[in-house]
Amino acid sequence: MNLSRRHFLEGAGLAGLAAIAPDFAKAGPMPDTPADIAPDIHAKDSAYWEKIASQYHVTERITNLENGFWGIMANPVLADYQRQIERVNAENSMFARGGYNEEEDAVRARVAKSLGVSTDEIALTRGATEALQNLITGYNRLRPGDTVMYADLDYHSMQYCMNWLTERRGVKVVRFAIPEPATREAVITAYREAFAQNPGVRLLLLTHLSNRTGLVMPVSEIAAVARENGADVILDAAHSWGQFEFKTKELGVDFTGFNLHKWIGAPLGVGAMYIRRDRLSDIDLCMADENNPADDIRSRVHSGTANFAAYLTVPSALDFHERIGPAYKEARLRYLRNRWVHALRGHPGLDILTPDDPAMHAAITSFRLKGKTAKEDNQAIVRALAEEHNIFTVWRTGIAAGDCVRVTPALYNSEADIDRLVAALRTF
Ligand SMILES: Cc1ncc(COP(=O)(O)O)c(C=O)c1O
């Protein structure tokens, strides 16, 4: 492997991507998901998935296996977004002060329905960050001397937000490491032990699917452990909704932040905050909000003038997601993930950081070359994959056992894309 220092992004790599304009002519008709086919069988139907891939306009300059930052919109969603932008722009405040509120209410109701919760339990946000920051900072049951807790695999800015509670609420912060390699039992035991060692924990930050390794947490079991210990859970579901199926109410968590611009495929700038109806009073009004009544969840977030067009495009994104079918989408993403993981599991010199237990992963999975735990090592691997194999991945840090490289396929990726990664990693 030539770990060249040449900066890929500054060179021939991604410079110039801004010039790409959508070419809808390339998109074929949207195929129907065949009835009566098990999702894991349908996941291998390359002809169908090629038609789905043709619904996305994707750069051909590189094989993008870094779809975890956000999810690109499918062409019909992008077309609707462009229409919405033009409409909002043309109608200006006449629209924003006119019918917008009713349309936003309909979007909110659609999001709630899709998540299986009541409309009055959902507020739209500009992303998971806004939802989670409002939940963490607004949680008003902490008392000076209490403890709050999170793990190494939680998202960095949510960890910072939990740390902020030290000054703001006078609490102690405990951080612990998720065991590696992770198993369901080992993860639950780690949470159980962390609570046993820290009896003052009253609030736990928990991430449904870690952006660092792709590990999916057994949320309902951990939430039960938290409850037994007198702690509430704020769940970071930034990556889970749309990547795999679950029922919000069955997670046993009362406060959750979601994203729609990752795996639901909505335009950038859309998320959602869930607060179980009877827990609303445990989250403070956002900055003493008076725009909405105190018993309305929308008083717990105040985004100011937001991207109306992005919110209005949410129904198109959910239509596209539902037209494929969440179970079929999940199965295809798992199939692409398993294709590289199964080919390389056990490869000497390579550690794959999520287990094969289907309950413990979805599309995202990270790897580490044995012993290569430093930032520089992993950045060099990402650079080599880009420069020598034309494959885009990302380095991730913050894991107690060391840094790693994350691989995130999307629906438009093909088997050939994955096989290129496997061939590349075999040369390392
Ligand atoms: C686990 C996790 N939580 C929260 C966020 C924040 O999401 P956003 O930046 O879209 O608000 C991210 C973003 O990547 C994430 O991966």
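Some points to look at:
- Distance from the C-alpha centroid of the stretch 120-164 to that of the stretch 312-353: 28 Å, rounded to the whole angstrom.
- Point-charge dipole on Cβ atoms (K/R +1, D/E -1) for the stretch 312-428, about Cα centre, debye to 20: 140
- Counted by neighbouring Cβ atoms within 10 Å, the residues LEU142, LEU78 run from fewest to most as LEU142, LEU78.
- One Cα centroid belongs to the stretch 354-428, the other to the stretch 252-275; the line between them spans 25 Å.
- Cross-link pairs LYS172/LYS375; LYS249/LYS329; LYS51/LYS329; LYS113/LYS329; LYS247/LYS329; LYS113/LYS262 - those with Cα-Cα distance over 24 Å: LYS172/LYS375
- The slack in the chain from ARG83 to ASN390, taken as 0.36 nm per residue of separation less the alpha-carbon distance, amounts to 107.1 nm.
- About its Cα centre, the dipole of the stretch 82-319 is roughly 260 debye, where the only charges are +1 on Lys and Arg Cβ and -1 on Asp and Glu Cβ.
- For the chain, a simple Cβ point-charge model (Lys and Arg +1, Asp and Glu -1, everything else neutral) yields a dipole of about 860 debye relative to the Cα centre.
- Computed over the chain, relative contact order equals 23 percent, with contacts defined as Cα pairs under 8 Å that lie 6+ residues apart.
- Environment charge of GLY349, counting only residues whose C-beta is closer than 15 Å and scoring Lys/Arg +1, Asp/Glu -1: +3
- Relative contact order (%) - criterion: Cα under 8 Å, at least six apart; region: the stretch 296-377: 22
- Filtered trypsin sites (Lys or Arg not before Pro), the stretch 113-212: DSSP coil and at most 14 other beta carbons within 10 Å: ARG141
- For the stretch 82-319, the antiparallel share of DSSP beta bridges with both residues in that region comes to about 40%.
- Its DSSP H runs of at least 4 residues, each contributing -39,500 (n - 2.57), put the calculated 222 nm mean residue ellipticity of the chain at -12000 deg cm²/dmol, to the nearest 500.
- Of VAL394, GLY371, VAL314, farthest towards positive along the dipole that unit charges on Lys, Arg, Asp, Glu beta carbons give the chain: GLY371
- Radius 12 Å from Cβ of ASP282, net charge of other residues (Lys, Arg +1; Asp, Glu -1): +2
- For the stretch 262-350, the list of GluC sites (Glu not before Pro) that fall in a loop by DSSP and count at most 10 other C-beta atoms within 10 angstrom reads GLU290.
- Formal net charge of residues neighbouring GLU121 (Cβ-Cβ distance under 13 Å; K, R +1; D, E -1): +3
- When each of THR248, THR125 is scored by the number of other beta-carbon atoms lying within 10 Å, the sequence from fewest to most is THR248, THR125.
- Cα-based radius of gyration of the chain once divided by 2.2 N^0.38 Å, which approximates compact folds: 0.99
- Database remark: amide H of THR365 closer than 5 angstrom to the amide H of VAL407 (H placed geometrically; neighbours at sequence offset of 5 or more, or on other chains; Pro and chain starts carry no H).
- For the chain, modelled as a GNM whose springs connect Cα atoms under 10 angstrom apart, the maximal fluctuation among HIS347, HIS208, HIS361 occurs at HIS347.
FYI, it's all coordinate maths here, none of it is from the lab. Model, not experiment: these values are computed from the prediction. Backbone-built Cβ (ideal geometry, glycine too); neighbour counts: all protein chains shown.
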